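Asker: Before we start, here is the structure in question, set down as structure tokens.
The values are calculated or read from the model by the stated rules, or taken from the named source; none is laboratory data. Since this is a predicted model, take the numbers as computed values, not measurements. Cβ placement follows ideal geometry from the backbone for every residue including glycine, while neighbour counts extend to all protein chains displayed. In case anyone asks, the SASA skips ligands and DNA or RNA and just uses the protein heavy atoms, side chains included. Shrake-Rupley method; radii C 1.70, N 1.55, O 1.52, S 1.80 Å.
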Amino acid sequence: MIYVNEQNKEFHLTNGQISYVFRVMEETNILEQLYYGSAIQHYESFDFMIEREIRPSNNWKWGSHLTSFEHIKQEFPVFGSSDFREPAIDIEYPAGDHISHFEFQHYTIRAGKTVDGGLPGSFGGEQEVETLAIVLKDLYSELYVTLHYHLYLNLPIVTRQQVIDNRGNETVVINRIHSLSLDIPDSGYDWIHLDGAWARETIMARDKIHSGIQNVSSTRGASSHVHNPFLAICEETTTNSQGNAYGFSLIYSGNFLAQIEKDTYNVLRIQLGINPHQFRWKLDAGTQFQTPEAIIVFSQAGLNSMSQSFHQFFSTHVIRSPWKKKEKPILINNWEATYFDFTEERLLEIAQASKRMGIEMFVLDDGWFGSRNNDNGSLGNWQPDYKKLPNGIQGISQKIHDLGLKFGLWFEPEMVSKDTAIYLDHPEWVIGNAEKNRSHGRNQFVLDFGNPEVVEAIFEQVNRVLATAEIEYIKVDMNRYLSEVYSAILPADQQGEVAHRYILGVYRFFEKIIANYPDLLIESCAGGGARFDPGMLYYSPQIWTSDDTDAVERLKIQTGASLVYPLTAISSHVSAVPNHQVGRVTSLEMRKNVALFGTFGYELNPLALSNEEQAQIAKQIAQYKRYQQLINLGTFYRLETESANFVSWLVINEEKTEALVGFYQILAEPNSPYRRIKLAGLDETKDYQVYENDQLKEAKRNGSDLQSYGIRLGGNFIGREQEYWSRELPGDFHSKLYFLKAIEMASK
Ligand code: DGJ
């Protein structure tokens, strides 16, 4: 519901879960932020929220001591006219100044939301989302900015996006325009972010918010392995299960900034948007610029509840693939099994053995095209390597289908190698200034996807492959960042647009694929998780989370990813041991129990496994299939554990009749204390049967005591259950899987 107090020019967006209140400020006509948080009742006037003191320092209005913007919480601040904090917008005018003043003009309200303008975004029907559009006009020019507020009616979520429209007759330059700027009064918050590097992405970090600026960002042309376009603020006492938390995310895959500025009056200015670093957009007369969309989630019940809102939101309102809630085929990917070294015969042997174990799709990764026997060449030449695949992609796809498997294929469309025709014929298609050095990454260069001709040419090649063979899935990879950012097709005064135009081109490429192959299952990837972001989710319902497939490392990586992203998006594979990234040996059981909490698959050579291991995998697949819908559609919880040596996850269905619990111990302990794992999210009025690794462990336990007392861990985790001299110790890296079934269901 969006209330407007016409007389006081106040806006109140509320849906019973959250309230967002702001007003048009007297004398200055700017938007003043009043409140964002848990739902409050509607008042005829929100005057009681206005914070105003005589401030004799800089005041915007002559003669007034009440218009000092640095003391006023705002919705769309500018810099320099009495506010010295970070602005939401920075315009450079023809005279060279940066002086703006955006005043309220009018508003509209409408139901429903669609996505337009070439950027990914959220969508919802008329019963699901209401939009308030506030039009502001610059006092000094014909620049109009529309602030779009989208209130999702069944979730504690508002999204924001701005469109700037130059209706004047002079060009201006946008140096910055954030998607979101929100001033929140501080009460000693922590902030949470997801950090990492290649092979250790989305590691959760939590720090105290200090005075001044703190941020996470990317300048790498992709959202990056290093940071994720997400941050949360929460009270110091907030845990997974209790306390207030505000989550912020950006539907964007390029250079972003997610920032908190704590000012000297204890106000937090939260901003998310395109990274202003080297961004410079020439806004000609008569043109518009649209920002990416930012998401704000509020939770009163801790970080799990915040994550669940994000999950539901992405699953319902951002992921558009028809696969989003469907049972996806269990795949095997040949990358770690063969790397570049394969023949059709070898692949078919792997596929055959996979089929015997119950695998449903064979994915051919890197190395099938050009003459790519290592990572030195052939990117940009998307012709099958007939030496490896005498019958081309069509031939192998046919043979894979004949085995009763679906077929998937890898591409890296944005890249080019030096030994290809497109590199030699079109040096101007490569990002970088031909007069200067271009750094290489993985021996390759980045194509200028900001150039529509490039997107067209690559799409044509990819399309030729997709159109001629039966392909149900593609993995779209991107293995290096943008450096020496420069486009040969843009003039000097538009070089600040290259990185954003690049990502718009990437989105255009995905649009073309989807328009031509609407049922194709797309997995996006960027050297593991360098583009694990909501922008990519709009096009691909699953994302390769990390090149690190080690089960222990994945506990951290997937826990971090789950803070924002639903399990269906978190692509996770069981791989070989010793693990190829860290050399660790973990049991097949542990690897499966970790990969299970995601989009499950295998990435190993079944021919290198013993018959027992192959039989074990067959059982794992049958088990996963039993739980697949529960994992896909269920609500996910990170359970509290006593230390980082333990991790526990739970997923429960909507009716709360079935739940799956994973419990993981990293290092073994001698003579350890008794332990219990306390569950969450159960129906306290229901009794459950508890199965441990598919064996009935407890015939009847109440939902309430499973949460307060928990499940007592025994056997593998403590050394008292068997006589110690005859006992086989499980050692490090151990896991258990519990399945809970409500009793009335169990008897059916
Ligand atoms: C990086 C990806 O993350 C891997 O899964 C694999 O596809 C390689 N690229 C192939 O080059």
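Asker: With every protein chain in place, what's the accessible area of Phe733 (1.4 Å probe, Å², nearest 10)?
Answerer: Per-residue accessible area (Phe733): approximately 30 Å².
Asker: Could you sort 689-696, 174-181, 322-329 so that the peptide with the highest average Cβ count within 10 Å comes first and the rest follow in order?
Answerer: Details: 689-696: 14.6, 174-181: 24.8, 322-329: 16.8.
In descending order of packing, they fall as 174-181, 322-329, 689-696.
Asker: Now a separate question. By accessible area of protein heavy atoms, probe 1.4 Å, what ranking do His150, His98 get, highest first? Numbers along the way, then the final one.
Answerer: On the way: His150 5, His98 80 Å².
Accessible-area ranking of His150, His98, largest first: His98, His150.
Asker: Top to bottom by accessible area (1.4 Å), largest first, where do Asp550, Asp116 land?
Answerer: My answer, sorted largest first, is Asp116, Asp550.
Asker: Keeping all protein chains in position, work out how much accessible area Leu424 exposes to a 1.4 Å probe, and write it in Å² to the nearest 10.
Answerer: Leu424 has an accessible surface of roughly 120 Å² with all protein chains in place.
Asker: Using the Kirkwood radius over C-alpha pairs as Rh, can you work out the diffusion coefficient of the range 73-133 via Stokes-Einstein at 20 °C, viscosity 1.002 mPa s, in µm² per second?
Answerer: Details: Rh = 14.7 Å.
Rounded to a whole number, D works out at 146 µm²/s.
Asker: To continue, here is another question. So how many Lys-Lys pairs in the range 640-742 land under 19 Å Cα to Cα, not counting same-chain pairs under 8 apart?
Answerer: The number of close lysine pairs in the range 640-742 is 15.
Asker: With an 8 Å cut-off on Cα pairs and a minimum separation of 6 or more residues, tell me the relative contact order of the range 640-742 in percent.
Answerer: Numbers: 197 pairs, mean separation 37.5, N = 103.
It comes to 36 percent, rounded to a whole number.
Asker: A further question on this structure: Quick check: net charge around Phe407, other residues with Cβ under 13 Å of its Cβ, Lys/Arg +1 and Asp/Glu -1?
Answerer: Spelling it out: positives minus negatives among the neighbours equals -2.
Asker: At a Förster radius of 41 Å, what calculated FRET efficiency corresponds to the Cβ-Cβ distance of Tyr674 and Thr114, to the nearest 0.05? Write out the running numbers ahead of the final one.
Answerer: Values: r = 55 Å, r/R0 = 1.35.
Efficiency at R0 = 41 Å is approximately 0.15.
Asker: Using R₀ = 35 Å, calculate the FRET efficiency as 1/(1 + (r/R₀)^6) where r is the Cβ-Cβ separation of Asn645 and Lys325; round to 0.05.
Answerer: Working: r = 35 Å, r/R0 = 0.99.
The formula returns an efficiency of 0.50 here.
Asker: Cut-off under 23 Å on the C-alpha distance; same-chain residues fewer than 8 positions from Lys73 excluded. Which lysines are left, in chain and number order?
Answerer: Lys9, Lys61, Lys137, Lys208, Lys262
Asker: Another question, if that's okay. Heavy atoms only, 1.4 Å probe, whole protein assembly: order Met357, Met49 by accessible area, highest first.
Answerer: On the way: Met357 10, Met49 30 Å².
Order by accessible area, largest first: Met49, Met357.
Asker: Also, I was wondering about something else. Rounding to the nearest 20 debye, state how big the charge dipole of the range 216-360 is about its Cα centre with +1 on each Lys and Arg Cβ and -1 on each Asp and Glu Cβ. Present the calculation step by step, with values, prior to reporting the outcome.
Answerer: Working: 13 positive and 13 negative charges, 70 e Å.
Charge dipole, the range 216-360, about its Cα centre: 340 debye, nearest 20.
Asker: Rounded to whole Hz and in sequence order, give me ³J(HN,Hα) for the range 569-583 from the Karplus expression 6.51 cos²θ - 1.76 cosθ + 1.60, θ = phi - 60°, writing x for Gly and Pro.
Answerer: In residue order, the calculated couplings are 8, 8, 6, 9, 10, 7, 10, 7, 10, x, 4, 6, 9, 10, x Hz.
Asker: Further question on the same structure: In whole percent, and with a 1.4 Å probe on the protein chains, what portion of the accessible area of the chain is carbon and sulfur?
Answerer: Details: 13280 of 27630 Å².
Reported share for carbon and sulfur atoms: 48 percent.
Asker: For Thr171, what residues show an amide H to amide H distance below 5 Å, using hydrogens built from the backbone and excluding near sequence neighbours?
Answerer: Long-range HN contacts for Thr171: Ala285.
Asker: By how many nm would the segment from Leu607 to Glu484 grow when fully extended, if each residue of separation counts as 0.36 nm and the alpha-carbon distance is taken off? Please list the in-between numbers first.
Answerer: On the way: separation 123, 0.36 × 123 = 44.28 nm, distance 4.44 nm.
Difference between extended and current length: 39.8 nm.
Asker: If I take every Cα pair under 8 Å that is 6 or more residues apart in the chain, average their sequence separation and divide by the length, what percent do I get for the relative contact order? Could the numbers behind the result be given before it?
Answerer: Values: 1826 pairs, mean separation 72.8, N = 748.
Relative CO of the chain lands at 10 percent.
Asker: Show the residues, 5+ positions off or on another chain, whose built amide H is closer than 5 Å to the amide H of Leu34.
Answerer: Counting only residues 5 or more places away or on other chains, the set is Val21, Phe22, Arg23.
Asker: If the only charges are +1 at each Lys and Arg Cβ and -1 at each Asp and Glu Cβ, what is the size of the charge dipole of the range 13-126 around the Cα centre, to the nearest 20 debye?
Answerer: Details: 8 positive and 17 negative charges, 46 e Å.
For the range 13-126, the charge dipole is close to 220 debye.
Asker: Right, next: If the only charges are +1 at each Lys and Arg Cβ and -1 at each Asp and Glu Cβ, what is the size of the charge dipole of the chain around the Cα centre, to the nearest 20 debye? If you can, show how the numbers build up before the last one.
Answerer: Working: 68 positive and 95 negative charges, 349 e Å.
Computed charge dipole of the chain: roughly 1680 debye.
Asker: Mind giving me the nanometre distance, one decimal, between the label points for Glu453 and Gln394, set 7 Å out from Cα along Cα→Cβ?
Answerer: 3.1 nm
Asker: What nm distance separates the two modelled labels at Lys619 and Ile743, each placed 7 Å from Cα along Cα→Cβ?
Answerer: With each label point 7 Å from Cα toward Cβ, the separation is 3.0 nm.
Asker: Here's something else I'd like to know. At q = 0.08 Å⁻¹, what log₁₀ I(q)/I(0) does the range 2-317 have when each alpha carbon counts as one equal point scatterer in the Debye sum?
Answerer: Debye intensities relative to I(0), on a log10 scale: -0.34.
Asker: Quick one: which residues, 5 or more positions from Phe256 or on another chain, have an amide H under 5 Å from its amide H? H modelled 1.01 Å from N in the peptide plane, none for Pro or chain starts.
Answerer: Ser218, Asn275
Asker: For a Förster distance of 22 Å, can you work out the FRET efficiency between the beta-carbons of Met1 and Leu633, rounded to the nearest 0.05?
Answerer: On the way: r = 28 Å, r/R0 = 1.29.
The value I calculate is 0.20.
Asker: What distance in nm separates the simple spin-label points at Leu424 and Arg52, each placed 7 Å from Cα in the Cβ direction?
Answerer: The modelled label-to-label distance comes out at 7.3 nm.
Asker: Averaged per residue, what accessible area in Å² does the chain show with a 1.4 Å probe, protein chains only? Working shown, then result.
Answerer: On the way: 27630 Å² over 748 residues.
Accessible surface, normalised per residue, equals 37 Å².
Asker: Given just the C-alpha atoms of the chain, how large is their convex hull per residue in cubic angstrom?
Answerer: 166 Å³
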